[in-house]
Amino acid sequence: MKRLTVILLSTIGALGVAACGGAHIPPAPLAPVPGAASSASTATRDSSAVQLGTALARVEQDSAADQSALDSLHERPADSIRGEDVAQEAHDLFGADATTTFDIDVSTFAGNRRVLEYLEFFQLDARDRFEIWLSRLGRYEGMIRERLRARGLPEDLVYLTLIESGLSNTAVSRARAVGMWQFMSTTGRGYGLVIDPWVDERRDPFKATDAAVNHLQDLVQRLGSVYLAAAAYNAGAGKIERAIARLPGEPDSVDDQTFFEIADNRRSLRRETRDYVPKLIAAALIAKQPARYGFVDIQRLPPLVFDEVSVPDATGLDVLARLADTSVAALLELNPQYVRGITPPGRAVVVRVPRGKGAGVAERYADLPVNERITFVDHYVTYGQTMSSIAQRYKVTVTMLQAANPHLRSRALRVGQRVIVPMSGRVVPRGAWSTPPEPRVRRVSLRYRTVSNSDSETRHRVAAGETASTIARQHRVGLAALLEANDLTMRSVIRPGDVLLIPSR
């Protein structure tokens, strides 16, 4: 009988994610584990699919709360901070009695007006969410610092994750940047991340961190400054280089101060990029000394520790959770890269399970009947479909669908929405898997954002007969730049009514 390969992680040091603290994921058995002579009941399998749907809905709600706070962060209007407040805060932070140290240049710019405005924002407007983000630092800070250090980068760049995503692996921006490090698909693939309908490694905190650190190292080498590299992480290296070129005179060299010089020119960069480094500095100040800013009793989550199991074919994370005697939520947190809650069919992948569970999972999986590997399929709504018609198609009840999809409103289904369908122990044929619809291009809604004339971006609404090439020529920009700005490829389809962002020349 075919057995799974089990890889048990070894201790890698005090800051290593695989070794910090004790195993944290608490066991929470979902159902009896199937053995060689017995299998889970149909009710148990259906319940497993329902638990997965509920866990996915909770992740979606949590990500939406993160994104709401991040949107507020990006769109925050300028406040009026008094000059004496600026001077006093800088003195308090870095006076003679200061003991906190940083490996990014915080002290020089602590009195920057926008830094203090974001300090207020994190302490007041976004306080509840920022507390959650600070607690998440415990999960990943050691791992991220270790990898930054290995590349010779300042370890305090770990705080970029606070302003990028709030350390959410499932964060998705309006521009379709994904994961803790907010990679666009083109950049993510360029740094070796797998992105397909089954796996999105932008959501994998470990692989995405490797990619982000490599990207930051490239930007620092290209631009010669940590803060210019941080700004380029947000806007792209080309935009930062063009902004530097617009500075008066011929600078002999560039450094962190150069960022603040180009940020003073409102026409050079979007406000989000002009504020990016002040946000980073404010987040670093609070994260390094949270009690000083009123964040007391932060319960830092312990680092993740796990075993790795090689799974040969499509298997639900809910099933693996049952084999590991843990919760679906725990498996989703360890494996956020499996975007459908299932490992991909037809290829072997590695799945993380709580520390100490790997060998047992492998043994139980080897005895698991094929029809018990999958408890559900996912269906993507097409035009005119209802919960009833979907239930009829898969020969399940509407009640089962509603239980497995607590976040869906049965009378308001949208084309492209995902519906989890419990399979009641039936073997899932390969043809039953539907493919998620490919997003074409983000649409711009006026309710999302109001900008001043000096801070506006050029946008183009596609007319009948227009192509990406003709639009690029019309606006005198390169086709590659237009595609990159909208996360498109040469094979992408644009349609009348789509709205494209025109990159600056």
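The values are calculated or read from the model by the stated rules, or taken from the named source; none is laboratory data. Just so you know, these numbers come straight off a predicted model, no measurement behind them. Here Cβ is always computed from backbone atoms with ideal geometry, including for glycine, and neighbour counts include all displayed protein chains. These area figures cover heavy atoms from the full protein model, side chains too; ligands, DNA and RNA do not enter into them. Shrake-Rupley method; radii C 1.70, N 1.55, O 1.52, S 1.80 Å.
Roughly what % of Cα-Cα distances in region 210-323 sit above 25 Å, to the whole percent? Of all Cα-Cα pairs in region 210-323, 48 percent lie more than 25 Å apart.
For Gly166, nonlocal amide neighbours, meaning residues 5 or more places apart or on other chains whose placed amide H falls under 5 Å from its own, do not occur. Computed from phi, the 3J(HN,Hα) profile of region 337-347 under the Karplus parametrisation 6.51, -1.76, 1.60 (θ = phi - 60°) reads 6, 8, 5, 9, x, 9, 6, x, x, x, 8 Hz, with x in place of Gly and Pro.
Taking all protein chains together and rolling a 1.4 Å probe, Asp210 ends up with roughly 70 Å² accessible. Solvent-accessible surface (1.4 Å probe) assigned to Ile104 amounts to roughly 10 Å². Peptides 276-285, 475-484 ranked from most to least packed by the mean count of surrounding Cβ atoms within 10 Å: 276-285, 475-484.
About the centre of its Cα atoms, region 187-239 shows a dipole size close to 200 debye [charges on the beta carbon of Lys, Arg (+1) and Asp, Glu (-1) only; nearest 20 debye]. Distant-in-sequence amide contacts of Phe306, defined by a placed amide H-H separation under 5 Å and a gap of 5 or more residues or a different chain, comprise Arg355.
With θ taken as phi - 60° and the Karplus curve 6.51 cos²θ - 1.76 cosθ + 1.60 applied, the whole-hertz 3J(HN,Hα) list for region 299-309 is 8, 6, 5, x, x, 6, 10, 7, 9, 10, 10 Hz, x standing for glycine and proline. Ranked from largest to smallest solvent-accessible area, with a 1.4 Å probe on the protein heavy atoms, Glu141, Glu120 come out as Glu120, Glu141. Residue-wise HN-Hα couplings along region 163-174, as the Karplus relation 6.51 cos²θ - 1.76 cosθ + 1.60 with θ = phi - 60° gives them from phi, are 8, 7, 9, x, 6, 9, 6, 9, 5, 9, 7, 5 Hz; Gly and Pro carry x. Between Gly384, Val353, Tyr365, the Cα set farthest toward the positive side of the dipole of region 344-400 (charges on each charged residue's Cβ, about the Cα centre) is that of Val353. Legend: Rg and Dmax of region 119-218, from Cα coordinates, 13.6, 41 Å. Atom-type composition of the exposed protein surface of region 313-393 places 51 percent of the accessible area on carbon and sulfur (1.4 angstrom probe). Report the label-to-label distance for Asn265 and Asp252 in nanometres (one decimal), using points 7 Å from each Cα along the Cα→Cβ vector. Computed distance between label sites Asn265 and Asp252 equals 2.1 nm. Other residues whose C-beta falls under 13 angstrom from the C-beta of Val305 contribute a net charge of +1, scoring Lys and Arg +1 and Asp and Glu -1. Straight distance only, please: which lysines reach the Cα of Lys288 with their own Cα at less than 26 Å, same-chain residues fewer than 8 apart left out? Correct list for Lys288: Lys207, Lys279. Charge dipole (Cα centre; +1 on Lys/Arg Cβ, -1 on Asp/Glu Cβ; no other charges) of region 213-350 amounts to roughly 560 debye. Peptides 127-133, 385-391, 330-336, ordered by how many other C-beta atoms sit within 10 Å of their residues on average, highest first, read 330-336, 127-133, 385-391.
Averaging the Cα positions of each part gives two centres, and for region 288-339 and region 156-203 these lie 17 Å apart. Accessible-area rank, largest first, for Ser68, Ser310: Ser68, Ser310, with all protein chains present and a 1.4 angstrom probe. Ordering Arg222, Arg270, Arg409, Arg151 by accessible surface, largest first, gives Arg409, Arg222, Arg151, Arg270; the 1.4 Å probe counts only protein heavy atoms, with every chain in place.
On region 169-268, 45 percent of the accessible area sits on carbon and sulfur atoms, based on a 1.4 Å probe. Taking amide hydrogens as placed 1.01 Å from N in the peptide plane, the amide H of Val377 sits under 5 Å from those of Val421, Met423, each at least 5 positions away in sequence or on another chain.
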